[in-house]
Structures are given as C-alpha cells and as structure tokens.
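Please read the structure below before turning to the comments.
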Amino acid sequence: MDMAIQNNVRRVNPRRPFTVNADGIRRIVLGQPGDSGDDNGDYGSQALTHNHPHHAAKPARLAAGVATTACLLAVAHSDRGALDEHARQAVAAAALLADAATEVVLLVFGELNDDVAALGADRCIVLPQYGGHAFAPEAELAALSALAEELQPAHIFIPDDGVAGSDLGRRLGAAGAGIATHVVEISQSGLAAYRQQGSMLARRSLAQIILLEMDVADARLPFLGRGQLADQLGTAIGMAAGAAASSSPFLDLGSKIMAASQMELDEADFIVSAGNGVDDVALFNSLANALDAAVGASRVAVDDGKFKRDKQIGATGKTVSASAYLAFGISGAVQHLQGIKDCRHVIAVNLDASAPMIKRADLSIIGDAQELMTALLDQVRQARSAEAAS
Ligand SMILES: Cc1cc2nc3c(=O)[nH]c(=O)nc-3n(C[C@H](O)[C@H](O)[C@H](O)COP(=O)(O)OP(=O)(O)OC[C@H]3O[C@@H](n4cnc5c(N)ncnc54)[C@H](O)[C@@H]3O)c2cc1C
C-alpha cells in the first residue's frame with residue numbers, strides 16, 4: 001500500500017468492540033462509510049476508490065411527506081455554535097438506529113450554526129441561552145424533561161463526555177428514567193458497557209437514557225435528516241427551563257472574558273506560534289500583543305533561546321486546544337503536530353508549500369513570515385484605531 005493511500009485510511013480504535021455505521025457493524029472503519037472492510041479485516045480494492053457513491057449527494061433518510069410515529073431524542077451541548085465530534089456521534093447513533101417511521105429530534109443547549117440535516121436530525125430545538133459555560137443544571141434538566149414529556153422518545157442519546165452531557169443525563173436518570181452509562185456498543189437489539197476496569201463487557205437491552213462513549217457510532221452519515229428547526233417547541237421548552245432557573249438556589253454570575261495573552265497556553269483559545277522561520281522575535285511578540293493572543297513556539301525556537309521553555313508546544317511541551325492556531329515558520333514535525341491535534345482552525349505561514357504544517361493547516365499562506373507579520377500588524381493596528389475612533 002503506498003503512502004498516499006495509507007494516509008487516507010482512517011482507523012477507528014480496533015480495541016473497540018465495534019462501531020455502528022450505516023452498513024451495520026464494523027470493527028475497523030476505513031475511509032468513508034461504505035468503504036469499510038468486513039469484520040475479518042478483509043478490505044477489497046473497492047475500499048480505496050475515491051469515486052464512491054457516498055461521495056455523491058446524500059439521500060434523505062426519511063421519505064418526503066411520510067408522517068413519523070416514533071421518536072429518538074439526541075441531546076448535545078454546543079461549543080461556539082458547533083457540536084464536537086462526540087456530540088455528533090451521539091446524534092448519528094440515533095439516526096443510524098432510527099427506522100423509516102421514527103424521527104430523530106435533536107435538543108441543543110447553546111447556539112448552533114451546524115447543518116442540522118447533515119448531523120442526521122429531522123427536527124432540532126436550539127436553546128441558545130444555555131450556551132457557553134452557563135451553569136444551569138436545573139434549567140437544562142427542566143427543558144429536557146419537558147421535551148421528553150412532550151415527545152415521549154423511545155430512547156434519549158447523550159454523549160458521556162465527562163462534563164455537561166454526562167451530568168445532564170445522570171440527573172435525568174436520577175429523576176427516575178432507566179439509564180445506561182459509559183456505553184461502548186449499541187445496536188437495535190441492545191447495548192454494552194465495560195465494567196470492572198474494562199475487564200468485562202456487560203450487555204443489556206436498550207435503556208431509556210443512553211450515555212455514549214466516544215467512537216460508538218460513525219458521525220459521517222451517508223444520508224441527511226430533515227433538518228427542520230422547531231422554533232415553537234423551542235419557545236415552550238425554553239419557558240419550562242426559564243421557570244426552573246428562576247427557582248434555582250444557584251446564581252450564575254457568568255464567565256469573565258480574559259485576554260488570551262493572560263492565559264495558560266493549554267487554556268488559550270487563540271495562539272500565535274513561532275518556529276525556526278521567525279527571525280524577528282520582537283515583531284512576532286508585538287503581533288501577538290496586538291492580537292491579544294497567547295504565545296507558543298516550536299522546540300527549535302525554544303532551544304535557540306528565543307522563547308522560554310514553558311512556551312514550547314508539542315510532544316515534549318504543551319498540548320493545546322485553541323480555536324485558532326496561527327503558526328509562523330513552523331515545519332510541522334510530528335512531535336509538534338502532536339501538541340496541536342486538538343486545535344480547531346490551524347493557519348500556517350511558511351515558505352515551503354510542502355511542509356507538513358501546510359498539510360495540517362485549514363488555511364495556508366506561502367510566504368515570508370516577517371513580511372506577513374509586518375502586514376498583519378499594520379492591519380490590526382489600523383483596525384484597532386478605527387475601532388477606537390468610532
Ligand atoms: C523526542 C523528541 C521530542 C520533540 N518534541 C518536540 C516538541 O515538543 N515540540 C516541537 O516543536 N518539536 C519537538 N521536537 C523537534 C521536532 O522534531 C522538530 O525538530 C521541530 O519541531 C522543528 O521546529 P521548527 O519547525 O520550528 O524548525 P525547522 O524544522 O527548522 O522548520 C522551520 C520551518 O520554517 C520555514 N521557514 C524558514 N524560513 C521562513 C520564513 N522566512 N518565512 C516562513 N517560513 C520559513 C521552513 O520552510 C520550515 O518549514 C522533538 C524532537 C524529538 C526527537
């Protein structure tokens with residue numbers, strides 16, 4: 001197998017018991033859904049073709065005009081308008097298990113800019129007032145309970161993410177509904193979760209509330225949901241949540257926005273990072289200051305004494321998860337890329353179009369770092385003074 005092909009192959013943790021996708025159960029998922037091999041790991045040449053039908057326009061899961069008689073509910077918390085991979089998988093699990101007479105309803109706490117149909121949801125209720133890091137457990141529970149009361153879903157799918165989803169699901173479970181947590185396998189006939197430190201895989205029938213671990217379902221669906229926004233239902237659910245919030249014993253004072261430059265690198269949302277291609281460190285620091293960004297560096301830049309050791313990002317430095325990572329003159333060695341694997345948008349400036357960092361980046365600028373930094377600093381200063389003048 002040549003390298004180009006190998007790089008296109010996506011391997012889901014083979015130690016997972018199995019992963020559900022549109023074609024059924026697969027132990028190892030290669031490429032897009034449908035590209036997968038069989039359970040024996042037998043991958044035909046067809047698995048590697050690029051003009052696969054799943055790359056064409058996707059069909060709708062539910063036939064047009066068909067009235068549904070049952071419902072599966074997926075619940076997720078968004079982060080700055082988007083669902084993370086774990087939440088997408090929880091919605092996908094519901095969509096993959098739903099039959100032709102079952103609609104998938106998605107309840108989102110926080111804003112949502114994602115394409116609801118592509119997520120696999122037929123109807124979506126968005127409660128933007130519970131976004132960000134709002135602490136509103138009673139309100140969220142009231143909203144979810146009211147929606148469950150209204151829709152009577154057969155099952156409720158929530159990512160067992162260790163934070164908001166896990167908390168909400170367990171609260172609902174404590175209120176009386178049957179719950180299964182840490183679920184690693186799911187199919188129409190049942191689910192399974194590890195027990196006794198992973199030494200035992202316990203199986204049972206589907207619970208009413210299902211808290212899913214990561215990688216249980218493949219979020220790359222070969223079909224679309226109806227993608228309708230249920231505004232009226234959202235208003236009613238929002239009112240139930242509001243009533244619970246007003247009687248809550250907690251008062252959420254909100255979160256304070258800090259400049260990224262004041263934050264620890266591993267918490268920063270915006271990082272400007274320098275590598276060996278940055279000669280003018282003073283210019284780089286001015287730019288980071290003007291952008292209010294945290295400063296990071298490659299190991300070579302740190303070893304050269306240009307930055308302190310605590311600025312090093314990578315395998316032997318810090319692992320960061322910024323929304324935006326702007327890399328100047330960094331080649332993108334595997335040890336560096338390891339440290340930025342969780343960054344959402346990577347922008348790379350490099351003279352070399354074949355640098356690995358350019359391949360990793362969502363936006364690349366092939367050019368001289370010093371020139372780019374000067375131009376960008378000019379632009380930022382102009383924008384800031386225009387802002388101050390208005
Ligand atoms: C065990 C081990 C652990 C390691 N841990 C880490 C780690 O935690 N973090 C880490 O970063 N590295 C780590 N490394 C080092 C890593 O392998 C690389 O050597 C290092 O990341 C390279 O840094 P760099 O990209 O800044 O420098 P270089 O490899 O020298 O790359 C410089 C890049 O800048 C570009 N460039 C040059 N001039 C310009 C210009 N004027 N304008 C724009 N672009 C320009 C070049 O095209 C090149 O792509 C580790 C290595 C080992 C062996």
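Taken together, the values in this text are just the output of simple stated rules run on the coordinates, not laboratory data. Values in this document were obtained by computation on a predicted structure and should not be read as measured data. Every residue, glycine as well, gets a Cβ built from its backbone with ideal geometry; the counts of neighbours run over all protein chains shown.
Quick notes
- Point-to-point label distance, Q208-Q232, nm (Cα→Cβ direction, 7 Å offset): 2.7 nm
- Segment 250-273 versus segment 66-89: alpha-carbon centroid distance in Å: 27 Å
- Fewest-first ranking of F307, F328, F250, F270, using other Cβ atoms within 10 Å as the exposure measure: F250, F270, F307, F328
- For peptides 174-183, 155-164, sequence by mean Cβ density within 10 Å, most packed first: 155-164, 174-183
- Extension gain, L251 to D292, is 11.7 nm, computed as 0.36 nm per intervening residue step minus the present C-alpha separation.
- With Rh defined as the Kirkwood radius, the inverse of the mean 1/r over Cα pairs, the Rg/Rh of segment 260-389 is 0.95.
- About the Cα centre, charge dipole magnitude for the chain (Lys/Arg +1, Asp/Glu -1 at Cβ), debye: 640 debye
- Between the Cα long axis of helix 137-151 and the first principal axis of the chain there is an angle of about 40°, rounded to the nearest 10.
- Computed over every Cα-Cα pair of the chain and binned at 20 Å starting from 0, the pair-distance distribution P(r) comes out as 24, 49, 26, 0 percent.
- Among beta bridges that DSSP assigns inside the chain, antiparallel share in %, nearest 5: 20 percent
- For segment 194-234, with +1 on Lys and Arg beta carbons and -1 on Asp and Glu, the positive-most of A230, Q208, A219 along the dipole: Q208
- Cβ-based exposure ranking for D84, D378, in which fewest neighbours within 10 Å come first: D378, D84
- Estimated inter-spin distance, Q335 and A101, nm [label 7 Å along Cα→Cβ]: 6.1 nm
- Going from the fewest other Cβ atoms within 10 Å to the most, the residues S255, S331 appear in the order S255, S331.
- C-alpha long axis of helix 164-174 to longest principal axis of the chain, angle in °: 20 degrees
- Where the Cα pairs of segment 70-246 fall when distances are cut into 5 Å bins, in %: 2, 9, 19, 24, 22, 14, 7, 3, 1, 0
- The spacing between segment 303-362 and segment 110-162, judged by their C-alpha centroids, is 35 Å.
- Degrees between helix 369-389 axis and first principal axis of the chain (Cα, 0 to 90, nearest 10): 70 degrees
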